[in-house]
Every structure is written in C-alpha cells, then in structure tokens.
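Written out below as structure tokens is the structure these notes cover.
The values are calculated or read from the model by the stated rules, or taken from the named source; none is laboratory data. Since the structure is predicted, the reported quantities are computational estimates derived from the model, not experimental observations. Quick reminder, even Gly has a Cβ in these numbers, built from the backbone with ideal geometry, and neighbours come from all protein chains shown. The protein model used for the area step is the full one, side chains on, heavy atoms only, and it has no ligands, DNA or RNA in it. Shrake-Rupley method; radii C 1.70, N 1.55, O 1.52, S 1.80 Å.
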Amino acid sequence: MPFRTALSGLNAASADLRVTGNNIANSGTVGFKQSRAEFADVFALSYSGISRTAIGAGVRLAAVTQQFNQGNIDFTGNNLDLALNGQGFFVLSDGGTSVYSRAGAFQIDRDGFVVNPSGQRLQAYPPANSFGTSFSTGQLGDLRLDASEAPPQATTRVGATLNLRSDAPDVSATAFDPADPDTYSYTTSLTTYDSLGQAHTATLFFRNVGALDWEAYMAIDGQQVGGAASMTFNSDGTLAAPLAPVSFGTHNPGNGAANMDIEFDFSAATQFGGVSNVTALRQDGFSTGRLSSIDIDPSGIVLARFTNGQSRALGQVALANFPNPQGLQQLGDNAWGDTFAAGEVVLGAAGSGNFGAIQSGGLEGSNVDLAEQLVGLITAQRNFQANAQVISTADTVTQTIINLR
C-alpha cells in the first residue's frame, strides 16, 4: 500500500511539473492564460464509510484549470494588433465554426479578410446604415477590408463665408466680363467635383452695383454659368437677401458626367469696411479615393480612411463572454471552444456591459508570472523527490521483513 500511495504522489508531482513547464514554455505566447494543477486526496471507502483510523490512499489530479486574469498589454504600433483590456474574447470563424481567442495578432489575407495566423476570420457586426453610426448587432459576419476605390460625390452645395468691402467702387456702368478685372470688384475660386470625381475650378465674381447692392457671377473652368445673382446687405453689414441658397444654373462638364448644378449659400456673407476676403468655402463633393489607413477605436468600430479625405465604418468587432470561462475547451493555437460547462455565450461590443475595451496597436501578453512558476517548479521537484523517498523507504522496510529469520 505505501508503494501505491507514493506512486500516486509521483504521478501528481509529475503532472504539476508538466503544467508548470507548459506555463513557462508559453510565457511569451500572446493571449496565453496560465493553468493551475488542482489535486484531491484519495480514500478507499468501505460499505459503512470511513473509520477514524482509516489512512488515505494517496492523491489524484482533480483538474487543470486556466486562470483568466489580465495579461500585460505590449504596444506594437500595428493598427490590426488588438488587445482586450478587461473581460471578453474575440469571436473567430474557423470554416463556419465559432471559436474564441484573446490573441489579437491579426493580419489581412489575400481576399481582404482580417484573419489570425491560423487563418481564422475575425467576426464583426456590419454597419446598419451608410454613415456607420449604428451596427446590426443581430448578425455576425467576416470583417473584410475593401481595397476598392471609394466612389466620388458630385458637388451640390457650397457654403461661403466672406466679406465684401463696403467702400468698393461701383462698377455698374460696365457690363460684366470675366476676362476684364475692371468689371468686377472681387473674385475667389474653389475646387468642385462632377459625378465622375473629376475636379473643376469654380470661380466666383462679385460686383458692387450700388451702396448696399452686389451682383455675383460664377464660372466653371473659365466658362460662365448662368447669369447674375443679386445680393443686398443691411445697413449693419449683414446680408438681407438672398438668405436661401442660390443656383446660377447647370454646367455640362463635357466628359460624360452628369450636369453640374451647384447651390451657393451666401447667408454668412457680410459687407464691412476693410478689405474683401474669404474666411471659408466649404463644398460637399469629393473625388475617388483609395484605402489609406485603418483605425479601430476602443469600442471596436473599424474605420477605413481614404485618400480623398473620406472615412467609412466597415464594422464593429464582436466580443463574446461566458458565465464560466474556465469551462471552455482548449483547442490549441490560442483558441477555445464553447462547452456546456462554460455556459451560454453572450455576444456584445467592447465597452458595453461587462465587456472590456479594445486597444488597437497593442497585444495582450501571457499572464504567466515567471518568478511564481519557477518557485512552483522547485516545489513540484521537491514533492517528486519526497514521494520517491517514500518508495525507497517502503522498499527498505519490505526487505527488512523478508530478511526476518
């Protein structure tokens, strides 16, 4: 019996050594969670139970449980490296099967999908509208970075904030000629875009035709569009009319694009002393653009930025949590699978409920404490040696009994 008891101790110490060795081996593994060997004593039960003089029958390995405490976050500068600060797991699709991971070292595959080194695709909530202000949290999909060009948008409206000098000479006696600077008092220009994303220079001309009266003209690429728009100011220099946006007419860009019809909002215009100047010219068009960068905020919203200055939400990274994470099944490659013991999966977004925040440009390191593991290694070694000594002592006692004469 002492041999069997000591043998169980050797097996337990050996299991402890293996668990500790596995922890040490993965001390540099991204997203790794250390394990702990848990043991239980063994008693041989009789029909009537255990008597007061019963001696234990050794020890057994009861469980190897993972410890899901937070690991340190190491910053990498790579936007697709994601670290979870708090509870939750990244949701990944492994050929259609959901698996879960804390390792956020992601990259883009040849088809534009965001994947981990094992090729498992990161799951996200798709945008519910074109503005990316809300997301369809009822469905999950593969997060994909679309490398195609962002479509252009034609300029339809321009907001102009400007001042026209109150003492500008009256040029009403001469007809307007865009080629003759003596026929207008002030000019400014801005870049506009047609429906194909082609840039066109729109030039505004302003003529003082009375004490508080002005005329505005517009030309695109040097070609005058429509006639004059009248502007009238109040005695305090603010605009009296027109307060609504005005259109000079349509312009055919001549490249197959739709006719350009731009409304100009002059409601912020003034007529004060000093010099004529433009404070701001804001137009709503833009050209085609290519994907230039990806930003992921703490709530997991993936924002694509394009070379035309526009941005678009591609999705929101989905997170999962479980009532009992220690019940998850280890699958290897830094992934876990759900089990009955783990409980029902709860899906959500970073920063909501009990979910932690996402740190872009960082990776969660292993939560293994090397100093603690080395101490545990020494303890397991001593336990192994002590159980081996029990076997040696029992052997000596047995030999003594055999040698009795």
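Structure notes:
- Projected label points at Ile73 and Ala394, each 7 Å from Cα along the beta carbon direction, are separated by 5.3 nanometres.
- Sum of -39500 (n - 2.57) over DSSP H runs of 4+, divided by residues of the chain (222 nm, nearest 500): -5000 deg cm²/dmol
- Additional length obtainable on full extension of the chain from Leu196 to Asn403, 0.36 nm per residue less Cα span: 64.1 nm
- Recomputing semi-axes √(5λ) of the Cα gyration tensor in Å from the coordinates shown identifies the correct label among (i) 49, 34, 18; (ii) 31, 30, 22; (iii) 80, 19, 17 as (iii).
- For region 305-384, the fraction of alpha-carbon pairs lying more than 19 Å apart is 65 percent, rounded to a whole number.
- Amide H contacts of Asp297 (H built 1.01 Å from N, in plane; Pro and chain starts excluded): Leu303 sit under 5 Å, all sequence-distant by 5 or more or on other chains.
- Heavy atoms of Glu372: accessible area, 1.4 Å probe, square angstrom to 10: 100 Å²
- Within the assembled protein chains, the solvent-accessible surface assigned to Tyr193 is about 50 Å², based on a 1.4 Å probe.
- Between 0 and 90 degrees, the angle of helix 370-402 with respect to the longest Cα principal axis of the chain falls at about 10 degrees.
- Gyration tensor (alpha-carbon) shape descriptor, region 120-226, a/c threshold 1.5: prolate
- Relative contact order of the chain, defined on C-alpha pairs under 8 angstrom at six or more residues apart (%): 24 percent
- Take every pair of alpha-carbon atoms less than 8 Å apart whose residues are at least six positions apart; their mean separation over the length of region 320-387 yields a relative contact order of 22 percent.
- Cα gyration tensor category, rounded, prolate or oblate, for region 248-405 with a/c compared to 1.5: prolate
- Cα-based shape type of region 332-373, given that a ≥ b ≥ c are square roots of the gyration tensor eigenvalues and the cut on a/c is 1.5: oblate
- Summary of the geometry: region 233-256 and region 370-405, compared by the centres of their Cα atoms, lie 96 Å apart.
- Under 9 Å, Cβ to Cβ, from Tyr184 - net charge with Lys/Arg +1 and Asp/Glu -1: -3
- Computed from the alpha carbon atoms alone, the convex hull of region 51-195 holds 320 Å³ per residue.
- Lys/Arg +1, Asp/Glu -1 at C-beta; region 127-197 dipole; positive extreme among Thr192, Ser134, Thr156: Ser134
- All Cα pairs of region 181-271, percent lying beyond 20 Å: 37 percent
- Dipole check for the chain: with +1 at the C-beta of Lys and Arg, -1 at the C-beta of Asp and Glu, and the Cα centre as origin, the magnitude is about 2480 Debye.
- Over region 138-178, the ratio between the Cα radius of gyration and 2.2 N^0.38 Å evaluates to 2.73.
- Protein accessible area in the chain, 1.4 Å probe - carbon and sulfur %: 51 percent
- Listed residues Ile401, Leu314, Phe3: farthest to the positive end of the dipole of the chain (Cβ charges): Ile401
- Relative contact order (%) - region 38-197, alpha-carbon pairs under 8 angstrom, separation at least six: 12 percent
- Accessible area per residue in Å² at 1.4 Å probe, computed on region 107-166: 52 Å²
- The share of alpha-carbon pairs in region 208-336 lying farther apart than 22 Å comes to 64%.
- For the pair Glu344 and Asn252, the difference between a 0.36 nm per residue extended length and the Cα-Cα distance amounts to 27.0 nm.
- With all protein chains in place and ligands, DNA and RNA left out, the 1.4 Å accessible area ranks Tyr125, Tyr184 as Tyr184, Tyr125, largest first.
- Between region 304-354 and region 185-207, the alpha-carbon centres lie 48 Å apart.
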